[in-house]
Every structure is written in structure tokens, then in C-alpha cells.
Amino acid sequence: MIIDLPQHLLNGVFVINTSMKIEDEILKIHFPINFHEAMYELTYLMKGKKQCFYCSRTFSEDKITLDHLVPQDFGGPTIPNNLFPACKKCNSEKTNMLKPFYDKYLSLSTNGERSQFVSDFQQVARFLHRWYGLAFVKDLIEEKEIENIIVNISLSSSYRGKKYKKIKEYYKQYGHFQKPLILDRKSFLLDGFTALMFAKDNGIKNVPVIVLENVEVIF
């Protein structure tokens, strides 16, 4: 897939910071990288830090966060296409709700109705995880053999921590991954190292990935 980039910066070379630049319509990110931080900075550059996507109110920059339109809970990737500025109140209220559910939540008039709706949604969420999996981002995903994924591995500390345990428990309960791995256009791993290691440990040969065709890691 192609991630959103600032259209007015696509001609020639534009240096965003010491770690990122846009060159020939390709976002080039220097290794080592913090992929999420890079995507947050790029999104703020494009979409600003003042207006909430949900309530449309204007805030000071310190009151604005970024929200995943398709929640990470349902496989939503951390890329500008899926990130939108949101005030802290809206971001907190939306939690892991998909937007149609959040729109319904906002239409309710009392705190009691809203509280019950949030509780009911968590029941629905378990159903969605079981039967829909990554369906909400299915158009972005492909399957890839883990042997064809390029990764820089540093095992100075154990990767089998809380994140690994969460991936293991989710996979055991639902039989599939909760999130796709994110790769650059040359199949270098940008996000999802722990999930990749879980797959290696458990003999899982293929994993869901999103390949960012206009992103490249440079060394």
C-alpha cells in the first residue's frame, strides 16, 4: 500500500528531520528507527496539532493526541492514513471502538446509556476478534513467509516479555494474529518484531503483513 505523504513536499528532496526525508516520492527512514514516533511526527506535519477529528473543536497543541481510526485492537496500522488528531477527551472515550460504534456512542444522551454501551461493545469486540479477525484492514494485508522478512535482530534482552505473552494468549484464543506486521518496500521489518519472533518460535511460516511501497529504510 501507499502511505499518505505531504503532497507539497513530493518534488525533489525534503528533509523532515535527521531521521527522515522524502526523496523521489519515497519516505526514507534512517536505521535504527522508532517507527511509531516517525509516523506520529509525519502525521502531525500533515494534519496539524490543533483540531480534533471527532468533535471538530480547536485546542492548544498539548491537548491534542493521535488516534487510530481503525483501532490497533483490530489491526489498525500506525501510519498517517489511519492516524487522526484527536483531543484527549475524544481519544479516551473512543478507546478501542470502531468509528461506527463511536458515532453511536456519541448519539446517546445520558452517561448511563453511554456506560452501558461501552460495556456492551466489549462483548461485541470479542465476537469481532473471533469471527472477523483482521477483516477491517483486509484490503491492506497480504501473507508473507517469515523467511522472506528482513530483520535486524538484537537479542541483548529477552523478547519474551509482556508483549510476547499478550500475542501468545491472543493467538491461542482466536487462532490468528491481532495485528499485521509492517514492512518497507524491500521487506525490511518496521513494526512487529515480537510477533515475528512468536511466529518463529511456534513454527508459523506465514504471517499477515502490510507492505509500505513508498517507504524505505536506509543505513
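The values are calculated or read from the model by the stated rules, or taken from the named source; none is laboratory data. The structure presented is a predicted model; accordingly, all values stated were derived computationally and were not measured. Counting neighbours? That spans all protein chains shown, and the Cβs are built from the backbone with ideal geometry, glycine included.
Exactly one condition in (1) modelled with pLDDT of 95 or more; (2) of a type outside the set (A, V, I, L, M, F, W, C); (3) more than 17 Å from the chain's Cα centre (by Cα) is not met by residue 208; state its number.
(3)
Among the residues in the stretch 61-70, are any assigned to a loop (DSSP other than H, G, I, E, B), at pLDDT 95 or above, of a type outside the set (Phe, Trp, Tyr) and closer than 28 Å to residue 177 by Cα?
Yes, the stretch 61-70 contains a residue that is assigned to a loop (DSSP other than H, G, I, E, B), at pLDDT 95 or above, of a type outside the set (Phe, Trp, Tyr) and closer than 28 Å to residue 177 by Cα.
Could you tell me which residue of the stretch 1-58 is surrounded by the most Cβ atoms within 10 Å (Cβ to Cβ), considering only residues that are in a loop (DSSP other than H, G, I, E, B) and among the acidic types (Asp, Glu)?
In this case the residue turns out to be 4.
Would you check if residue 74 is crowded, with 16+ Cβ neighbours inside 10 Å and under 27 Å from residue 167 (Cβ atoms)?
Against the criterion (crowded, with 16+ Cβ neighbours inside 10 Å and under 27 Å from residue 167 (Cβ atoms)), residue 74 qualifies.
With respect to the numbered conditions (1) without any contact (Cβ under 8 Å) to a residue 40 or more places away in the chain; (2) not assigned by TED's automatic domain parsing to the domain that holds residue 62, which one is the sole condition not fulfilled by residue 87?
All conditions are met except number (2).
I'd like to know if the stretch 180-203 contains one or more residues that are more than 26 Å from residue 2 (Cβ to Cβ), outside the structural domain of residue 26 (by TED's automatic domain parsing) and outside any helix (DSSP H, G or I).
So far as the stretch 180-203 goes, yes, one or more of its residues are more than 26 Å from residue 2 (Cβ to Cβ), outside the structural domain of residue 26 (by TED's automatic domain parsing) and outside any helix (DSSP H, G or I).
Any residue that is free of Cβ contacts under 8 Å to residues at least 40 places away in the same chain, crowded, with 16+ Cβ neighbours inside 10 Å and in contact with a strand residue (DSSP E or B) (Cβ under 7 Å, 6 or more places away or on another chain) - is there at least one of those in the stretch 139-152?
No: zero hits.
Tell me which of these residue 56 doesn't satisfy, since it passes every other one: (1) on the phi > 0 side of the Ramachandran plot; (2) touching a Gly at 6+ places or on another chain (Cβ under 6 Å).
So the condition that residue 56 fails would be (2).
Kindly check whether there is at least one residue in the stretch 73-90 that is over 29 Å from residue 121 (Cβ atoms) and not charged (D, E, K, R).
No, there is no match, as no residue in the stretch 73-90 is over 29 Å from residue 121 (Cβ atoms) and not charged (D, E, K, R).
Inside the stretch 84-106, can you point out the residues that are closer than 17 Å to residue 57 by Cα, outside any helix (DSSP H, G or I) and of a type outside the set (Phe, Trp, Tyr)?
Result: 85, 86, 87.
Right, residue 123: under 26 Å from residue 171 (Cβ atoms) and over 21 Å from the mean Cα position of the chain (by Cα) or not?
Judged against the criteria, residue 123 is a match.
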